[in-house]
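What follows is one structure encoded as structure tokens, with my remarks underneath.
The values are calculated or read from the model by the stated rules, or taken from the named source; none is laboratory data. Remember, it's a predicted structure, so these values are computed and weren't measured experimentally. Counting neighbours? That spans all protein chains shown, and the Cβs are built from the backbone with ideal geometry, glycine included. Each accessible area value is taken on the protein alone, full model and side chains, heavy atoms only, with ligands, DNA and RNA left out. Shrake-Rupley method; radii C 1.70, N 1.55, O 1.52, S 1.80 Å.
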Amino acid sequence: MRATMRRGLSTAMAAVLVGVLAAACGGDGDGSGSGPVELTVDVFGEFGYDQLYKQYEASHPNVKIRQRKVSTLDDYKPRLQQWIATNSGAGDVVGLEEGILPTYMQQKGKFLNLFDYGGRSLQQNFLPWKWQMGVSPDGEQLVGLGTDIGPLGMCYRKDLFKKAGLPTAREEVSKLWPTWDDFLSTGQRYQEKQPRTRWLDGPTAVLRATVLQNAGAGPGYSFFDKDDKLVFDTNPAVRTAFDTALKFERSGLTSDMSIFTPPWQTALKRDTFATVPCPSWMLGGIEEFSGDYGKGKWDVATVPGGGGYWGGSWLAVPKQTKHPKEAAELATFLSGPQGQTGAFKDKNTFPSSPQAAQDPAVAGHKSAYFSDAPTGKIFGEMAAQVKPVHLGPKNEDVRQAVENVLIAVGQGKVKPDEAWTKAVEAARKSAR
């Protein structure tokens, strides 16, 4: 998803994590039903589960749920890697974003086979491709149950658009940028009128969005081919996306920020940038970090290039849990149609469940925070166009390394003409 969002914990949060570490493998009790069962859920970004936890606890009085959340996937990834590698410390239920899912498919023995916990009856609850990605390549193990997908939109500050003399109505705004080149030229117009702010938050969101758009419309893979061989420097879908992101850096149109980092979070409370390519799940993060300052200032238009997605996650149960049955039941509830509907209502995480997507609470949803944008309709139309892209086990390592090169261009540390060569070097090194 984010999942799609998802740096640095405060001292207080670190203390909380230490405090709940004992609960990470299931908390108190032995799962026999003789005492309360405490389940820990590890997530990154905004999964939209707060109200769902309360509902579940109300109907399961013997269960207490604790959530451990960090803002970014880049922070979450090393923690999860350590927990799984050492067979200690992981939550009873863990979120696996699409970029790290292939890594854990190679370690499927570390997770419960959810086929053994009623999983075979759940297939109809998911889009076929979402379901299949949660099943091991040999078809023998259900490693994860799908949560959201990340159909793309473009979030924009309509108040800043107005100051720059641009249209503000989402239908008219969408017409400004059928292509990414149109989006660039619109940004140049904006920048001339609003030199104190930037058109984009940074190059990373553009890269992520366009890589998946291009790969979906082309070969069906991005940094790695379907045999998990690195093809970063030979895949036209990747080179085109990189060049697109680089154009915005060359033009000085970005704030050189990475999504969900502390500077990015702080910038949302200021007039720092006017647009963010946003998968549905990102709306929850923008709302959280922008707070009252941004309410009614943001809106959602369509994304350049038409269609596309970014992110989406699965829920898995590590074998180290002390409560396998209860953890599997919780994962099933959270990922079911009712759970996905509730998560979307709370944080705009668009469902991978067809039943949830068709629910009036989703299809007819409007976001009060985002100027009453019909997010159910906007993202629903984009979701129908999603073409899944194969990602290799080292996808996130390559992605992060290449994004760092783009950020370095904006910071003047890498010359634009040398950026692609540096990116290829970074990709090869991180893929080892």
Q: Please work out which one of (1) among the basic types (Lys, Arg); (2) in a helix (DSSP H, G or I); (3) closer than 30 Å to Gly252 by Cα is the condition Lys325 fails and give its number.
A: (3)
Q: Could you please give the count of residues in segment 119-156 that are open to solvent by less than 10 Å² (accessible area, probe 1.4 Å) and either more than 23 Å from the chain's Cα centre (by Cα) or on the phi > 0 side of the Ramachandran plot (or both)?
A: 1
Q. In segment 65-79, which residues are closer than 12 Å to Val41 by Cα and among the hydrophobic types (A, V, I, L, M, F, W, C)?
A. Ile65, Val70
Q | Failed item, numbered, when Gln320 is tested on (1) in contact with a helix residue (DSSP H, G or I) (Cβ under 6 Å, 6 or more places away or on another chain); (2) in a loop (DSSP other than H, G, I, E, B); (3) crowded, with 19+ Cβ neighbours inside 10 Å | A | (1)
Q: Can you run down the residue pairs with Cβ atoms below 7 Å, 6 or more apart or on separate chains, where the first is in segment 168-186 and loosely packed, with under 14 Cβ neighbours inside 10 Å and the partner is outside any helix (DSSP H, G or I)?
A: Pro178/Pro304; Thr179/Pro304; Thr179/Gly305
Q: Inspect segment 139-158 for any residue being acidic (Asp, Glu), modelled with pLDDT of 95 or more and under 30 Å from Lys319 (Cα atoms) and give the result as yes or no.
A: yes
Q: Report, by residue number, each residue of segment 407-432 that is more than 13 Å from Phe232 (Cβ to Cβ) and touching a Leu at 6+ places or on another chain (Cβ under 6 Å).
A: Ala419
Q.
Restricting to segment 385-415, name every residue that is among the basic types (Lys, Arg) and either open to solvent by 20 Å² or more (accessible area, probe 1.4 Å) or outside the structural domain of Gly220 (by TED's automatic domain parsing) (or both).
A. Lys387, Lys394, Lys413, Lys415
Q | Positions within segment 416-429 being buried (at least 20 other Cβ atoms within 10 Å of the Cβ) and over 22 Å from Leu253 (Cα atoms), in sequence order | A | Ala426, Ala427
Q. Across segment 191-212, what is the number of residues that are in contact with a Gly (Cβ under 9 Å, 6 or more places away or on another chain) and part of a helix (DSSP H, G or I)?
A. 7
Q. With respect to Gln358, is the statement that it is touching a strand residue (DSSP E or B) at 6+ places or on another chain (Cβ under 6 Å) and at pLDDT 95 or above true?
A. no
Q) Restricted to segment 123-162, and to residues that are part of a helix (DSSP H, G or I) and among the aliphatic types (A, V, I, L, M), which residue is nearest to Thr272 (Cα to Cα)? A) Leu160
Q: Evaluate the following for Tyr104: is it open to solvent by 50 Å² or more (accessible area, probe 1.4 Å), among the aromatic types (Phe, Trp, Tyr) and not assigned by TED's automatic domain parsing to the domain that holds Gly285?
A: no
Q. Within segment 281-302, how many residues are within 15 Å of Tyr156 (Cβ to Cβ) and open to solvent by less than 10 Å² (accessible area, probe 1.4 Å)?
A. 9
Q) Do you know which residues across segment 30-89 are within 29 Å of Phe344 (Cβ to Cβ), open to solvent by less than 20 Å² (accessible area, probe 1.4 Å) and in a loop (DSSP other than H, G, I, E, B)? A) Gly45, Glu46, Phe47, Gly48, Tyr49, Thr72
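A quick yes/no check of all residues on (1) outside any helix (DSSP H, G or I); (2) on the phi > 0 side of the Ramachandran plot; (3) small (Gly, Ala, Ser):
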{"residue": "Ser258", "(1), (2), (3)": "yes, no, yes"}
{"residue": "Trp264", "(1), (2), (3)": "no, no, no"}
{"residue": "Lys269", "(1), (2), (3)": "yes, no, no"}
{"residue": "Thr275", "(1), (2), (3)": "yes, no, no"}
{"residue": "Cys278", "(1), (2), (3)": "yes, no, no"}
{"residue": "Leu283", "(1), (2), (3)": "no, no, no"}
{"residue": "Glu287", "(1), (2), (3)": "no, no, no"}
